[in-house]
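Chemist: Handing you a structure now.
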Amino acid sequence: MKRIGFIINPVAGMGGSVALKGTDGMVEEAKRRGAIPVSPKRAEAFLRALKKKRAWYTCSGIMGEEACRRAGLDVEVVYEAPERTAAEDTKKAAACMAPMVDIIVFVGGDGTACDVLDAVDAQLPVLGVPAGVKMYSAVFSNTPADAAEIVNSLEELPVEEREVMDIDEEAFRKGEFRVKLKGYARTPVHPKIQAGKEVTIGNGKREIAEWVAEEMDDDRVYIIGGGSTTWEIKKYLGIEGSFLGIDVIKGKKLLCRDAGEREINKLLDDAAKIVVSPLGNQGFIFGRGNQPISHEIIERVGRENIIVVATREKLARIDSLKVDTGDERVNDMLRGYMEVITGYRERKLMKVE
């Protein structure tokens with residue numbers, strides 16, 4: 001029977017919905033802005049989708065035991081977590097359980113991946129259940145349910161070295177993108193492991209911006225996501241938006257720069273549209289980088305009012321668009337086929353998974 005170490009970073013992802021672009025060192029500010037924990041819910045979604053019996057080793061309380069018990073799993077607690085956890089607790093827990101297990105499954109983001117990597121031998125496989133704000137590393141499954149599918153199939157899966165990346169969050173909050181390769185971790189080989197993020201400056205963005213701007217209705221609210229392609233739209237409109245954040249506009253004028261979920265909800269109306277671009281080589285249009293656009297906002301806006309933009313070069317590197325909104329019902333609503341604007345009056349049909 002496979003032996004699995006399980007660690008939850010309880011504060012992972014809290015900064016996403018409130019436009020903090022990460023939670024490292026910002027937990028209290030995230031709470032002040034009204035953020036609520038997201039990793040316990042995503043951990044339970046993973047645990048409840050498991051089918052095969054495994055031997056589970058975890059941490060006490062909110063770092064693993066509580067979620068496992070709620071999901072009906074028998075677990076052995078091998079690390080006593082304090083009431084207020086920190087990165088050091090992830091490292092200590094990983095180091096403690098490493099000699100006992102065949103793989104460590106963690107729930108968090110890139111910061112959590114780096115902490116686990118720092119603590120364990122490079123030969124021990126790891127798998128990330130996506131719950132953070134930043135997930136650029138190639139060790140995460142696409143969704144919590146996908147992580148369960150991978151764990152259910154561990155006996156049949158080879159492992160390979162995959163990149164563990166981290167972002168300078170202080171620079172990220174200022175609109176600067178600085179990514180560092182922290183190292184490599186062995187990860188199960190499976191089609192539902194996300195690709196590493198690649199930062200590229202492609203052609204055709206100006207043409208995309210021109211058509212999107214031309215088609216805009218001045219009476220509608222537009223929620224425009226982050227990234228280099230949507231940034232070109234913001235520049236074309238002449239607004240001082242955020243390169244990596246969410247901006248809300250109406251009548252081609254900026255209503256809110258770098259908006260959080262709360263601000264978006266205040267400005268939302270029944271005629272709103274969302275404009276997003278898939279993330280790098282991963283293909284995610286929701287669930288990575290655009291966390292302030294919550295599943296409630298997506299559902300209220302509706303699938304028919306979502307505009308996806310991407311260069312032809314980017315679409316050539318991904319086989320489909322992906323969604324991980326945190327709500328499976330909304331994920332299902334988005335799945336199927338969606339048109340992507342790839343140039344001036346140019347579209348391509350892409351599958352959404």
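Chemist: Given the options R84, R48, R300, state which has the largest fluctuation in a GNM of the chain using a 10 Å cut-off (strictly under) for Cα springs.
Modeler: The residue that fluctuates most here is R84.
Chemist: Assign unit charges at the C-beta atoms only (+1 for Lys and Arg, -1 for Asp and Glu), then state the dipole size of the stretch 57-183 relative to its Cα centre in Debye, rounded to the nearest 20.
Modeler: 440 debye
Chemist: Right, something else. Could you tally up the Lys pairs in the stretch 236-353 with alpha carbons closer than 23 Å? Skip any pair fewer than 8 positions apart unless they're on separate chains.
Modeler: Lysine pairs meeting the criterion: 15.
Chemist: Let's see if you can work this out: charge +1 on each Lys and Arg Cβ, -1 on each Asp and Glu Cβ, no other charges. What is the dipole magnitude of the stretch 205-352 about its Cα centre, in debye to the nearest 20?
Modeler: I would put it at about 420 debye.
Chemist: For the stretch 198-292, state which GluC sites (Glu not before Pro) are in a DSSP loop and have at most 11 other beta carbons lying within 10 Å of their beta carbon.
Modeler: Listed in order of number, the matching sites are E240.
Chemist: In the neighborhood of I341, defined by Cβ-to-Cβ distances under 13 Å, what is the net charge if each Lys or Arg adds +1 and each Asp or Glu adds -1?
Modeler: Net charge around I341: +1.
Chemist: Something else about it: So, counting K/R as plus one and D/E as minus one, what does the shell of residues with Cβ under 11 Å around R300 add up to?
Modeler: My count for the surroundings of R300 gives -4.
Each value in this text was obtained by applying a stated rule to the coordinates, not by laboratory testing. These numbers come from a predicted model, not from an experiment. FYI the Cβ positions are ideal-geometry reconstructions off the backbone, even for glycines, and counts take in every protein chain you see.
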